[in-house]
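Participant: Before we start, here is the structure in question, set down as structure tokens.
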Amino acid sequence: MLAGLQRDLEGLYPELVNIRRDLHMYPELSFQEVNTPQKVADYLQNLGLEVRTGVGGRGVIGLLRGGAAQEGARTIALRADFDALPIQDEKEVPYKSRIPGVMHACGHDMHTAALLGAAYVVSKVKDELGGNVVFLHQFGEEKPPGGAKAMIEDGCLDGVDVIYGAHVWPALAVGEIAVTEGYAMAAGDLFEIEIKGHGGHGAQPHLTVDPVIAGCQLALNLQQIVSRRVNPLDPAVLTVASIHGGQASNVIPDTCKLTGTVRCFNPEVRQLLQDQIAKITRATCEAADAEGTVVFRQGYDALWNHPEKVRSVEEVAKRVVGEEKFKRVEPSMTGEDFSAYLQKVPGAFFFVGVGNPERDAIYPLHHPRFDGDERAMLITANLFLHLVWKELQENHE
């Protein structure tokens with residue numbers, strides 16, 4: 001039966017490409033998704049699934065009840081995200097974004113099409129399925145606080161025993177699958193620092209309190225946190241990404257602003273980073289007779305893959321793409337709100353290769369020319385199919 005479903009999936013490939021390209025041409029930003037969730041809901045309803053819209057605000061879930069499921073049968077959830085980014089699409093392809101300044105530069109259109117493909121083939125055997133499947137389509141992944149927590153609070157994981165998610169990864173060649181056991185992606189927080197001084201003429205700095213000099217000194221001082229306060233065995237990143245102060249070359253401004261991000265896995269290190277940023281800001285500004293204010297914006301928690309479910313991904317990946325194309329990789333300091341689901345139920349988040357120089361799929365995520373080899377959608381859907389089969393059929397026959 002599984003072999004037949006794989007053939008059905010391969011026959012569906014042109015439709016998946018059409019779905020993906022339609023989404024790519026008409027992307028919608030985080031928390032502004034209107035047409036995308038409607039398209040998803042319509043597709044799931046046509047498959048005969050029980051569909052809920054507006055989950056957590058803009059999310060969509062489709063529930064497939066297995067016809068052979070007994071009382072207490074397991075339920076597996078599969079997740080895809082569908083929001084886009086505020087980036088101008090610079091590709092020259094027929095399916096280039098038609099919405100100025102908005103683009104699917106992170107592959108969420110591929111995630112959505114792949115999960116719809118998985119829903120299509122799984123729905124064909126729902127009468128024989130010994131459990132239930134939740135197809136979870138999430139809004140707002142790109143912009144904290146994200147859509148995951150809101151959807152969880154609205155019950156998207158009610159009755160769910162295990163969850164899996166996938167993300168396209170241009171650093172991997174199409175056909176390759178990668179996963180990380182344990183901590184896989186970092187917690188990521190943002191900070192904004194405003195330094196208030198006393199402006200004046202650039203020729204008379206002794207009559208001013210220069211916030212720009214204080215800001216530059218602070219940017220250097222903050223680097224001591226990771227190098228001298230964090231255990232070298234605990235990965236951490238602190239990046240000052242912008243410094244803004246003044247407009248004229250001969251005027252010392254009143255204020256200077258710094259923004260940046262911190263990334264780590266360990267919750268204790270996360271708190272340490274925030275405490276030290278506040279402490280060093282106060283001390284640096286005091287030494288310059290300036291005032292400093294720090295605002296932290298909490299991002300997503302670190303993503304922790306459950307070891308047992310990582311082994312499940314490894315098993316099915318080797319079936320689908322072959323042992324030589326499966327990889328276990330080091331953690332990434334990027335972030336993902338899939339972490340919220342994994343705090344509630346066991347599961348794993350894995351990466352699917354989309355890189356292919358022959359199709360100009362060579363650019364990283366969030367790049368204005370990002371694209372991916374669309375055959376990765378078949379692989380993703382196939383992995384989802386095999387995970388459903390493993391969780392609901394093989395493990396309980």
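Participant: May I ask you to list the residues in region 329-355 that are buried (at least 23 other Cβ atoms within 10 Å of the Cβ) and out of contact with any strand residue (DSSP E or B) (no Cβ under 7 Å at 6 or more places or on another chain)?
Facilitator: Residue satisfying the conditions is ASP337 alone.
Participant: Something else: Inside region 166-194, can you point out the residues that are in contact with a Lys or Arg (Cβ under 6 Å, 6 or more places away or on another chain) and not in a strand (DSSP E or B)?
Facilitator: VAL174, GLY175, GLU176, ALA186
Participant: Here is a further query. Within region 23-74, count every residue that is farther than 24 Å from ALA150 by Cα and free of Cβ contacts under 8 Å to residues at least 24 places away in the same chain.
Facilitator: Matching residues across region 23-74 total 3.
Participant: Is region 308-321 home to any residue that is more than 20 Å from LEU5 (Cα to Cα) and within 20 Å of the chain's Cα centre (by Cα)? Can you show your working first?
Facilitator: Within region 308-321, the subset more than 20 Å from LEU5 (Cα to Cα) is 308-311, 314.
Of the ones still in play, those that are also within 20 Å of the chain's Cα centre (by Cα) are 309-310.
Yes; the residues of region 308-321 include at least one that is more than 20 Å from LEU5 (Cα to Cα) and within 20 Å of the chain's Cα centre (by Cα).
This table checks each residue for (1) part of a loop (DSSP other than H, G, I, E, B); (2) modelled with pLDDT of 95 or more.
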{"residue": "ALA73", "(1), (2)": "yes, no"}
{"residue": "GLY101", "(1), (2)": "yes, yes"}
{"residue": "ALA119", "(1), (2)": "no, yes"}
{"residue": "PHE135", "(1), (2)": "no, yes"}
{"residue": "GLU141", "(1), (2)": "yes, yes"}
{"residue": "LYS149", "(1), (2)": "no, yes"}
{"residue": "ILE163", "(1), (2)": "no, yes"}
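Participant: Identify the residue in region 235-258 that is surrounded by fewer than 17 Cβ atoms within 10 Å (Cβ to Cβ) and either among the hydrophobic types (A, V, I, L, M, F, W, C) or touching a Phe, Trp or Tyr at 6+ places or on another chain (Cβ under 7 Å) (or both) and, among all such residues, is farthest from SER339 (Cα to Cα).
Facilitator: Ranking the candidates gives VAL251 first.
Participant: If I filter region 307-326 for residues that are in a strand (DSSP E or B), in the same structural domain as TRP389 (by TED's automatic domain parsing) and closer than 13 Å to VAL179 by Cβ, do I get at least one hit?
Facilitator: Checked region 307-326: at least one residue is in a strand (DSSP E or B), in the same structural domain as TRP389 (by TED's automatic domain parsing) and closer than 13 Å to VAL179 by Cβ.
Participant: Only one residue in LEU63, LEU23, LEU44 is part of a strand (DSSP E or B) and not charged (D, E, K, R), so which one is that?
Facilitator: LEU63
Participant: If you go through region 148-155 one residue at a time, do you hit one that is touching a Ser or Thr at 6+ places or on another chain (Cβ under 9 Å), within 23 Å of LEU116 (Cα to Cα) and either surrounded by 24 or more Cβ atoms within 10 Å (Cβ to Cβ) or outside the structural domain of GLU324 (by TED's automatic domain parsing) (or both)? So that I can check it myself, show each step before the final result.
Facilitator: Of the residues in region 148-155, the ones touching a Ser or Thr at 6+ places or on another chain (Cβ under 9 Å) are 148.
Filter once more, keeping what is within 23 Å of LEU116 (Cα to Cα): 148.
Restricting the remaining residues to those that are either surrounded by 24 or more Cβ atoms within 10 Å (Cβ to Cβ) or outside the structural domain of GLU324 (by TED's automatic domain parsing) (or both) gives 148.
Looking for residues that are touching a Ser or Thr at 6+ places or on another chain (Cβ under 9 Å), within 23 Å of LEU116 (Cα to Cα) and either surrounded by 24 or more Cβ atoms within 10 Å (Cβ to Cβ) or outside the structural domain of GLU324 (by TED's automatic domain parsing) (or both), one finds at least one in region 148-155, hence yes.
Participant: Additional query: Which of the residues spanning region 31-84 are more than 21 Å from VAL162 (Cα to Cα) and touching a Lys or Arg at 6+ places or on another chain (Cβ under 6 Å)?
Facilitator: GLU33, PRO37
Participant: Same structure again: Determine if region 363-386 includes at least one residue that is over 27 Å from VAL162 (Cβ atoms), aromatic (Phe, Trp, Tyr) and surrounded by 15 or more Cβ atoms within 10 Å (Cβ to Cβ).
Facilitator: Yes.
Participant: With respect to ILE193, determine if the residue is crowded, with 21+ Cβ neighbours inside 10 Å and either more than 30 Å from GLY62 (Cα to Cα) or over 17 Å from the mean Cα position of the chain (by Cα) (or both).
Facilitator: yes
Participant: Here's something else I'd like to know. Out of PHE296, PHE326, I need the residue that is surrounded by fewer than 18 Cβ atoms within 10 Å (Cβ to Cβ), modelled with pLDDT of 95 or more and not β-branched (Val, Ile, Thr). Which one?
Facilitator: Exactly one residue qualifies, and that residue is PHE296.
The values are calculated or read from the model by the stated rules, or taken from the named source; none is laboratory data. Because the structure is a prediction, the values reported are computed rather than measured. A quick note on method: Cβ atoms are made from the backbone with ideal geometry, for glycine too, and the neighbour counts reach across all protein chains shown.
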